[in-house]
Amino acid sequence: MTGEYETVEHDVLVIGAGGAGLRAAIEAASTGVRVGLVCKSLLGKAHTVMAEGGVAAAMGNVDDRDDWKVHFADTMRGGQYINNWRMAELHAREAGARVNELEAWGALFDRTPDGRILQRNFGGHKYPRLAHVGDRTGLEMIRTLQDHGIHQGIDIHMEVTIVALLTDGGRVCGAFGYDRERGRFHVYKAAAVVMATGGIGRAFKITSNSWEYTGDGHALAYDAGAALQDMEFVQFHPTGMIWPPSVRGILVTEGVRGEGGILKNNQGKRFMFDNIPDNYKSSTADNLEEGWKYVTGDKNSRRPPELLTRDHVARMIMREVKEGRGSPHGGVFLDIAWIKEHIPNAAEHIKRKLPSMYHQFMQLAGIDITKEAMEIGPTTHYVMGGIRVDGDTQMSTVPGLFACGEVAAGLHGANRLGGNSLSDLIVFGQRAGEHAAKFAKANKKYTIDPAQADNAARAALAPFDRTTTADGPFQVQEALQETMHANVGIVRNDADLRSALATINTLREKAANVAVRGNRNYNPGWNTALDLPSLLTVSEALTRAAIAREESRGGHFREDKPDKDPAFGTFNFVITKGADGEMQLKREQIPEMPANLKAIIEENK
Amino acid sequence: MDASSALPTENTREQTFRLWRGERDEGEFQDFKATVTDGMVVLDVVLQIQAEQANDLACRWNCKAGKCGSCSAEVNGKPKLMCMTRLDQLPANEPVTVEPMRAFPHVKDLVTDVSWNFEQKMKVAKFQPRAPDAPDGTWRMQQADVDRVQEFRKCIECFLCQDVCHVLRDHHKHDEFIGPRFITYVAALEMHPLDTADRIPALKEEHGVGFCNITKCCTEVCPEHIQITDNAIIPLKERVVDQFYDPVGKLVKIFSRRSTNT
Ligand SMILES: Cc1cc2nc3c(=O)[nH]c(=O)nc-3n(C[C@H](O)[C@H](O)[C@H](O)COP(=O)(O)OP(=O)(O)OC[C@H]3O[C@@H](n4cnc5c(N)ncnc54)[C@H](O)[C@@H]3O)c2cc1C
Ligand code: SF4
Ligand code: SF4
Ligand code: FES
C-alpha cells in the first residue's frame, strides 16, 4: 500500500535541520551517500537560530591556561558527574576543531586584538571559552551550516513532520511523515536515520522554546524501541523576560551576565552572594570588586556568583520571589546598565556586545537596557535528557537509529553549561553523520512493512473522523503545560509529581478524542493534534524519572529530598517501552571512568 | 517561576482583527473579535484566535522574538514581523488587518510559498576562503574587518524586503532579479575578509542588479535595520560599474576633472 504515499529513498535520512541535523547531513553527504533532510519549519528557522551567547570550545585564545581537560572537568562538574564521560571527553577534545571548521565555511566570529576568535565568559566555565558573534551566535552558526549545506547535494524536504519511524526486525529503515502545505503523506526509506529534533520545551507553560519543541524525536525513538535517559533533567534558564505578559519566557542571554550584568532583588541587594554551593566556593568571587574584575578579564579573579550554574541561579531567584523580595511582576532585576560606573561609553559597549538584547527589550518591553534594569525570571529552556546513545558513534539502542544535539542524552548529565549545546551540535552532529553513513553502507538491505505506514496514516487521519465538541488540540496542550509547569517544574515533590502523572493519563484520553476541523492543507489544529502524543510521552517520561530520583541534583530539585545523595550518583535512569506498551524505568550503572579522566577531574577540583 | 498569580492586571479591551482567509487564489478578509492588552504583539492575537476561534488558521512562527524571520506578513498594509509589532503601535479603535506577503504565491491564510527565495540563494557562488593564515589552518582577522560585513549577516531571511520591492511585487521579475535579500547576501560574501570569489559578473547578468532603481523601500521595512540600499546595493552597483564600464568611467572622471580645472 506504500504506493499511495509519495516515496523517496535515501541512504541516510536526517530528521531535523538545526545545527545538529545540518552538521550530520553535511558529514554524511561528504562520504558520498545520498542524504535526505526533513524539518518541520522552513530551513534556517530551527531553534539553533535563536541561540545567543556563544559556542563553548577550549581554544585558549583569551586565556591560554584553558585546554580540553579543563573544559572536560567543567562539563562533568556542571553535570554532577552522571554525564556520559566519553561524550564529555570527545566534546571537549573536538569542539575547537569544529568551530574552526565553521570559520572555514564562512562564519565570522568576534575577534581578539591579535585577530583570533574571541571568547567570552559564561556560567560554569572556568575560563573565557565561548566563541560568539555579539549575541546572535546561533544565527551565524545555522546560516553558515545552511549556506554550506545547500551546496553538498543534500535533498531538503522543508515543512515536513515525521510521525513514525519504520523498522524492520528491530533495525530502523525509514520514516513516515506529512507535509504541512497539503497534508500529503510521505515515506522516506533510509538505511540509517539520524534524529536531530531538539527539545521538549512546549511541555511547559513558560518557555523559551517554539511550537516545534514537542519532543517528537524522543517519542518517535521511544516508540521504535530506543531507550531514553536522564529525562528528569530539564534546564530552567534563570533569565527569561517576564513583562509584558505576552513576552513571558523569551530568553535573555546569559551573555548579559558574562558581560558584567548583575542580579538584584527589590532591595537593591546582590543576593547571589548569599549562598554559594560548596563545590564552587573556591572558584567564586566573595566580593563585588573581584566579580567585576573577573568579567573584565583579570586572570587572578574568580567569577561572580551570577555566573554559577543555571540550576542554582534559577532556584536563588525563586527564593527571592517567594520570600517577598521580588520585582513588581514576579521576578528579580538583571542590571547591565550599572557597568557605566566602571567603563566610559557603557551604552555603546552594551549595544555592541548585546545588540539583540537591546533591540528585544526596547521593542517588546519599551525598556532601554543601557539605562534601566531588566525584570527577569526563570523559563523552561533545555532538556538534558534524551535518546540514550553510544558516545563514539551516537547510535541509539536501535540499530541504524542515531541521535545528536538536544534530543540525545549524556553529554550534559544533570545540568548543561551554557554554550555547551552549540558545541554539542557540531561535535556530535559530525560524529552521527559519519557513523550513520557507515552504517548505511554496511546495512543496505531491508524491507519496508507497508502496514506500519498504513497504521501511521490511519492514526494521523483519525482526528478528522471525530465529531466530539470537547477540548480541542490547543486546549489539551495548554492543560498539559499547566500541569507540567505547576507540578514538574523547578521545585518538585513526590505528591505533585504523582498528581501530574494522573493528569497526564487523563489528558492522554482527551488527546485520543480530539477532533479537528477543516482540511489537511496547512492546518495548525490538525498539526497540533498530531504533536500531542509526543508531548504526552515525554511528559510522562519526565515525571516518572523525577519520581524515581529521590534526591536533588543539577536541574532536578526535590523539596522533599533537598540534598544530593551519593547513592544516586552512580547510575542513570533509563526508560524503554515494555512489551505491554507501558513505560519501563530502570537504573543503568555508569561505567567506570578511565584513570586518566579521573586524574583530570581531581586536578581541576 | 510562579509568582504570576499576584501580578497586576493590564488594561484589556476588545479589538477587531481582519485576517486574510482562504487558499491559493481564493480568499477574503474575515473579522475576528479578540480581547487584547497593550503589551501584546500581533502574533499573540493571531495565535489566540487560532487556539480559540479558528484552529485551522494558517500562519508561520517560531521564535516570537524577531530572530527567526518566520512570521512575516502585511499588517495594516505594511510588511512586518507579526511578533515584533506591538498593538500599542497601531490605532486602537480601528480593525487591524493582517494579510500574507503579496509578492509570493499564496498557500493558505497568512502563509505564502517562499521557496523561490531558497532557489535564488543556490544561484549565488558559495564562499571561497583564501588559504589559511596560520599553520594550524586558522585565519587572522581584525574586528574592524569583521564588523564591516556583520550588518549583512544579521539578516534573518524574513523576506520582507523581497515582498516590498516593486521589481518583484509589481513587475514580477522573479526570473531576472534576485531581489534585495540576495544582493545583501552577495554583499556579505563579496566583503567577507576571507572570500576570494568574484560574483560581480553574475550580479550584473543573472542576478539583475540593474533592475534596482534605489527606491530604498527594502531598507525601510528591514526589521534588522540593515542599510540594504546604501551599504549593500549601491557599493555593489559601483563595483559593477568599475568592472564593466571602467573605460567610460575613467573618461568621465577625466572630463569632469578638466572641466573643474578650467
Ligand atoms: C532562545 C535560546 C537561546 C539559546 N542560546 C544558547 C547559547 O547561547 N549557547 C548554546 O550552546 N545553546 C543555546 N541554546 C540551546 C541551543 O540553541 C539548542 O539546544 C540547540 O540549538 C538545539 O539544536 P538542535 O540541532 O539539537 O535542534 P534545533 O535547532 O531545535 O532543530 C530541531 C529541528 O528538528 C526539526 N523537527 C523537530 N521535530 C520534527 C519532526 N517530527 N519531523 C521533522 N522535523 C522535526 C525542527 O523542525 C528543527 O529543524 C539556546 C536555546 C534557545 C531556545
Ligand atoms: S532599493 Fe532596489 S531592491 Fe530595494 S526596494 Fe527599491 S528597487 Fe527593490
Ligand atoms: S535583509 Fe532585512 S528585510 Fe530582507 S530578508 Fe534580511 S532581515 Fe528580512
Ligand atoms: S516568530 Fe521569529 S521573527 Fe517572528
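Annotations
- Any hit, the stretch A:458-479, residues being without any contact (Cβ under 8 Å) to a residue 12 or more places away in the chain, open to solvent by 40 Å² or more (accessible area, probe 1.4 Å) and over 30 Å from A:ALA500 (Cα atoms): no
- Figure legend. Inter-residue proximity from the stretch B:153-172: first residues away from chain A (no Cβ under 14 Å), second residues more than 6 Å from ligand 3 (Cβ to nearest atom) and among the aromatic types (Phe, Trp, Tyr), beta-carbon distance below 6 Å, spacing 6+ or different chains. Indicated pairs: B:VAL167/B:PHE177; B:VAL167/B:PHE211.
- In the stretch A:583-605, the residues that are not assigned by TED's automatic domain parsing to the domain that holds A:ILE547 reach residues that are among the small types (Gly, Ala, Ser) with C-beta atoms within less than 6 angstrom, at least six apart or across chains, in these pairs: A:GLN584/A:GLY578; A:LEU585/A:ALA548; A:ILE600/A:ALA73; A:ILE601/A:ALA73; A:ASN604/A:ALA73.
- Counted residues, the stretch B:28-56 - those being over 26 Å from the mean Cα position of the chain (by Cα) and assigned to a loop (DSSP other than H, G, I, E, B): 5
- Residue check for A:LYS45: open to solvent by less than 10 Å² (accessible area, probe 1.4 Å), in a loop (DSSP other than H, G, I, E, B) and of a type in the set (Lys, Arg): yes
Condition check ((1) more than 30 Å from A:HIS556 (Cα to Cα); (2) within 14 Å of chain B (Cβ to nearest Cβ); (3) within 16 Å of ligand 2 (Cβ to nearest atom); (4) in contact with a strand residue (DSSP E or B) (Cβ under 7 Å, 6 or more places away or on another chain)) across all residues:
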site	(1), (2), (3), (4)
A:ALA28	yes, no, no, yes
A:ALA58	no, no, no, no
A:VAL62	yes, yes, no, yes
A:THR75	no, no, no, no
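- Output for the stretch B:127-152, where each listed residue is at the interface with chain A (Cβ under 7 Å from one of its Cβ atoms), open to solvent by 30 Å² or more (accessible area, probe 1.4 Å) and assigned to a helix (DSSP H, G or I): B:GLN143
- The stretch B:88-123: number of residues that are open to solvent by 50 Å² or more (accessible area, probe 1.4 Å), in the same structural domain as B:VAL42 (by TED's automatic domain parsing), of a type in the set (A, V, I, L, M) and within 21 Å of the chain's Cα centre (by Cα): 0
- Identity of the residue in the stretch A:254-265, more than 16 Å from A:ILE317 (Cβ to Cβ) and in a loop (DSSP other than H, G, I, E, B), that ends up farthest from ligand 4 (Cβ to nearest atom): A:GLY260
- Criterion: of a type outside the set (A, V, I, L, M) and crowded, with 24+ Cβ neighbours inside 10 Å - qualifying residue of A:GLY124, A:GLY60, A:GLY115: A:GLY124
- Among the residues of the stretch B:225-236, those identified as of a type outside the set (D, E, K, R), free of Cβ contacts under 8 Å to residues at least 60 places away in the same chain and more than 16 Å from ligand 4 (Cβ to nearest atom) are B:THR229, B:ILE233, B:ILE234, B:PRO235, B:LEU236.
- When B:CYS222, B:CYS212 are screened for being in contact (Cβ under 8 Å) with a residue 12 or more places away in the chain, open to solvent by less than 80 Å² (accessible area, probe 1.4 Å) and within 16 Å of ligand 4 (Cβ to nearest atom), only B:CYS222 passes.
- Filter result (in contact with a helix residue (DSSP H, G or I) (Cβ under 6 Å, 6 or more places away or on another chain) and more than 16 Å from ligand 2 (Cβ to nearest atom)) within the stretch B:66-84: B:GLY66, B:LYS67, B:CYS68, B:CYS71, B:ALA73, B:VAL75, B:MET82, B:CYS83, B:MET84
- Residue within the stretch A:501-514 that is within 11 Å of chain B (Cβ to nearest Cβ) and either under 20 Å from A:GLY217 (Cα atoms) or among the β-branched types (Val, Ile, Thr) (or both) present: yes
- Looking at A:GLY405, A:GLY419, just one residue is touching a Gly at 6+ places or on another chain (Cβ under 7 Å), surrounded by 24 or more Cβ atoms within 10 Å (Cβ to Cβ), in the same structural domain as A:ALA88 (by TED's automatic domain parsing) and over 30 Å from A:GLY260 (Cβ atoms), and that residue is A:GLY405.
- Taking (1) crowded, with 24+ Cβ neighbours inside 10 Å; (2) within 14 Å of the chain's Cα centre (by Cα) in turn, A:VAL252 satisfies each apart from (2).
- Members of the stretch A:550-567 that are more than 14 Å from every other protein chain (Cβ to nearest Cβ) and surrounded by 24 or more Cβ atoms within 10 Å (Cβ to Cβ): A:ARG553, A:GLY554, A:HIS556
- Enumeration of residues in the stretch B:71-81 that are open to solvent by 10 Å² or more (accessible area, probe 1.4 Å) and more than 11 Å from ligand 3 (Cβ to nearest atom): B:ASN76, B:GLY77, B:LYS78
- Residue in the stretch B:182-200 that is under 22 Å from B:PHE104 (Cα atoms), more than 14 Å from chain A (Cβ to nearest Cβ) and within 10 Å of ligand 2 (Cβ to nearest atom) present: yes
- Screening the candidates B:ALA58, B:ALA51 for the property of being farther than 24 Å from A:GLY366 by Cβ, touching a Leu at 6+ places or on another chain (Cβ under 7 Å) and within 13 Å of another protein chain (Cβ to nearest Cβ) yields one hit, B:ALA58.
- If the condition is being within 12 Å of chain B (Cβ to nearest Cβ) and open to solvent by 10 Å² or more (accessible area, probe 1.4 Å), then the stretch A:210-235 contributes A:TRP211, A:GLU212, A:TYR213.
- Residue count for the stretch A:110-149, restricted to those that are among the aliphatic types (A, V, I, L, M), assigned to a loop (DSSP other than H, G, I, E, B) and in contact with a strand residue (DSSP E or B) (Cβ under 9 Å, 6 or more places away or on another chain): 1.
- Lone unmet requirement of (1) of a type in the set (S, T, N, Q); (2) within 16 Å of ligand 4 (Cβ to nearest atom); (3) open to solvent by 10 Å² or more (accessible area, probe 1.4 Å) for B:GLN162: (3)
- For the stretch A:319-341, a residue qualifies if it is open to solvent by less than 50 Å² (accessible area, probe 1.4 Å), at the interface with chain B (Cβ under 10 Å from one of its Cβ atoms) and part of a loop (DSSP other than H, G, I, E, B), and the qualifying residues are A:GLY326, A:SER327, A:HIS329, A:GLY330, A:GLY331.
- Restricting the stretch A:150-183 to residues that are touching a strand residue (DSSP E or B) at 6+ places or on another chain (Cβ under 7 Å) and of a type in the set (Val, Ile, Thr), the residue that is farthest from ligand 4 (Cβ to nearest atom): A:THR167
- Boolean, A:ALA164 is farther than 25 Å from A:ASP311 by Cα, away from chain B (no Cβ under 12 Å), buried (at least 22 other Cβ atoms within 10 Å of the Cβ) and more than 16 Å from ligand 3 (Cβ to nearest atom): no
The values are calculated or read from the model by the stated rules, or taken from the named source; none is laboratory data. Computed from a prediction, not measured in an experiment: that's the story for all the values here. Ideal geometry is used to build each Cβ from the backbone, glycine not excepted, and the neighbour counts take in all protein chains shown. Side chains are part of the model used for accessible areas, which takes the heavy atoms of the whole protein and leaves out ligands, DNA and RNA. Shrake-Rupley method; radii C 1.70, N 1.55, O 1.52, S 1.80 Å.
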